[in-house]
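The values are calculated or read from the model by the stated rules, or taken from the named source; none is laboratory data. What you see is a predicted model, and the numbers here were worked out from it, not measured in a lab. Note that we place each Cβ from the backbone using ideal geometry, even for glycine, and neighbour counts take in every protein chain shown.
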Amino acid sequence: MKLLVIGSTGRTGRHVLEQGIRRGHQITAFTRRPEALAGLEGLAGVVQGDALDLADLRKAVPGHDAVITIVSPPNLGPTTVISQTTLNLITVMKESGVRRIVTTSSRSIVASRPWLAVTLAWVIFRAAYADLARAEGILQASGLDWSIVRATMLNDKPGSGEVHTDSEPNPTGGHWQLSRADYAMTLLNVVEDPHMIGKAIGVNGARSTR
Ligand SMILES: NC(=O)c1ccc[n+]([C@@H]2O[C@H](COP(=O)([O-])OP(=O)(O)OC[C@H]3O[C@@H](n4cnc5c(N)ncnc54)[C@H](OP(=O)(O)O)[C@@H]3O)[C@@H](O)[C@H]2O)c1
């Protein structure tokens, strides 16, 4: 597939690029910092730009089969980065006839268990979560072929090649942590699978804690 990755230089984004290239996808990386991708071979292209700028997205989106967006705000303060990126992508994708979009989110947006962990996470990440929730709603109402992939807590351990996924607000199994490498694998699995269109799925590490 011809994939555009927004948030390509991030800790998950970098895994999406590397794994996606290995799977044979033609990947364009969108980033404000192209220099962060120096040395990465096999990309179909790099577009320098800011996802908050419609003109930058118009240079990048046309001609792709799908967009994977993995954007995260830089700090804990009030933010509209994720919801504004989502709004901008919807505008430009509709203009250019690109319909498929897969986006990252957090399980905490919809989870109620484990109560203490979810409550603490909302206290700490309130601004980012509020914006993620806005972005989810905007995308679900977009009319595009969307998928939302909500992760549990991420770490940078090596990938295991396995994850637990479900379609429930609270995890039905798996581990409370997930490696970014395995999250990237899941994002690619979802973008490749048309059955995932219109679905929000939760992802945990594979090892059961039960
Ligand atoms: N941390 C967790 O435990 C956790 C849990 C659940 C879900 N998540 C979600 O998982 C995703 C991946 O997290 P991560 O830790 O791998 O991310 P990260 O390393 O913090 O990377 C963030 C990315 O966002 C991009 N970005 C930010 N503002 C941008 C803008 N205006 N235009 C274009 N790109 C922009 C950055 O790209 P450039 O600077 O190169 O432009 C960077 O590549 C995030 O969406 C996060 O919400 C995280």
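With the requirement that a residue be in contact with a Ser or Thr (Cβ under 6 Å, 6 or more places away or on another chain) and away from the ligand (no atom under 11 Å from the Cβ), what does the stretch 57-69 give you?
Of the residues in the stretch 57-69, the ones in contact with a Ser or Thr (Cβ under 6 Å, 6 or more places away or on another chain) are 61-62, 69.
Selection gives VAL61, PRO62.
Only a single criterion out of (1) more than 21 Å from PRO194 (Cα to Cα); (2) more than 9 Å from the ligand (Cβ to nearest atom); (3) charged (D, E, K, R) is not satisfied by ARG107, namely (2). Taking the conditions (1) more than 9 Å from the ligand (Cβ to nearest atom); (2) in a loop (DSSP other than H, G, I, E, B); (3) among the charged types (D, E, K, R); (4) at pLDDT 95 or above in turn, ARG113 satisfies each one other than (4).
Looking at GLU162, GLU192, GLU136, which is the one that is among the acidic types (Asp, Glu) and within 23 Å of VAL118 (Cβ to Cβ)? Write out each step before concluding.
Details: GLU162 fails: within 23 Å of VAL118 (Cβ to Cβ); GLU192 fails: within 23 Å of VAL118 (Cβ to Cβ).
Unique residue meeting the criteria: GLU136.
Look through the stretch 19-53, keep the residues that are under 15 Å from the mean Cα position of the chain (by Cα) and of a type outside the set (Val, Ile, Thr), and return whichever of them is surrounded by the fewest Cβ atoms within 10 Å (Cβ to Cβ). Only one residue tops the list, namely GLN19. Of the residues that make up the stretch 97-116, is at least one in contact with a Leu (Cβ under 7 Å, 6 or more places away or on another chain) and charged (D, E, K, R)? Yes: the stretch 97-116 contains one or more residues that are in contact with a Leu (Cβ under 7 Å, 6 or more places away or on another chain) and charged (D, E, K, R). No other residue among ARG100, ARG107 is touching a helix residue (DSSP H, G or I) at 6+ places or on another chain (Cβ under 9 Å) and closer than 23 Å to ASN170 by Cα apart from ARG107.
Quick one: which residue in ILE148, ILE101 is at pLDDT 95 or above, among the hydrophobic types (A, V, I, L, M, F, W, C), in a strand (DSSP E or B) and away from the ligand (no atom under 12 Å from the Cβ)?
Numbers: ILE148 fails: away from the ligand (no atom under 12 Å from the Cβ).
Criteria check complete, one pass: ILE101.
Is it the case that SER72 is within 9 Å of the ligand (Cβ to nearest atom), over 24 Å from ILE124 (Cβ atoms), part of a loop (DSSP other than H, G, I, E, B) and in contact with a helix residue (DSSP H, G or I) (Cβ under 8 Å, 6 or more places away or on another chain)? For SER72, the condition - within 9 Å of the ligand (Cβ to nearest atom), over 24 Å from ILE124 (Cβ atoms), part of a loop (DSSP other than H, G, I, E, B) and in contact with a helix residue (DSSP H, G or I) (Cβ under 8 Å, 6 or more places away or on another chain) - is not met. A single entry from LEU154, LEU120, LEU132 fulfils the requirement of being part of a helix (DSSP H, G or I), within 15 Å of the ligand (Cβ to nearest atom) and closer than 21 Å to VAL16 by Cα: LEU132.
Condition check ((1) within 13 Å of the ligand (Cβ to nearest atom); (2) among the small types (Gly, Ala, Ser); (3) in a helix (DSSP H, G or I)) across all residues:
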site	(1), (2), (3)
ARG14	yes, no, yes
LEU17	yes, no, yes
PHE30	yes, no, no
GLU35	yes, no, yes
GLY42	no, yes, no
ILE82	yes, no, yes
ILE90	no, no, yes
